Amino acid sequence: LTAAVVDMPLHKAKILEDHLEVLEELQFEVEPYGGGAFAVRAVPPLLAKVEIEKLLHDVADSLAQGQRGTAGRDIQEHVMATMACHNSVRAHQRLNDFEMRKLLEALDEVDFGVCAHGRPVAIRVTESELERRFHRA
């Protein structure tokens, strides 16, 4: 396989270079390619279909935020949250019936109310609210 070459601004390149071991622990194969560029040889399997350039820029941003007073393990968790976001279902993305069912089943197992960015994962709607919205009340 050939590597994807991703150009980064120098400040982001420095951040990635300083955290190559974190990326390796997260199953990235990334190496400096010169002049702020990086050769990306592998990404975590669940992220195989995401846009590598955007993902790497967002990971660098997450690492930069983590540098501002966050412990090493917290940095890794923050990067993992960013990676998860890239693999999530987006607004207006079409899903087939099977994908929708699997998503709802997985949601039943979630033990948190907001995503990594603080947005709600689900909202509670009362029966009376549903009836009102469908003009049944």
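Here the extension length gained between E31 and A3 equals 9.1 nm, from 0.36 nm per residue of separation less the Cα-Cα distance. Near V121, within a Cβ-to-Cβ distance under 13 Å, what is the net charge of the other residues, with Lys and Arg +1 and Asp and Glu -1? Surrounding charge for V121 is -1.
A cut-off of 5 Å between modelled amide H atoms, ignoring neighbours fewer than 5 places along the same chain, links V5 with V40.
For the residue pairs K49/K102; K12/K54; K12/K49, alpha carbon separations beyond 21 Å are given by K12/K49.
We did not get these values from a lab; they are worked out from the coordinates using the rules stated. The structure presented is a predicted model; accordingly, all values stated were derived computationally and were not measured. Backbone-built Cβ (ideal geometry, glycine too); neighbour counts: all protein chains shown.
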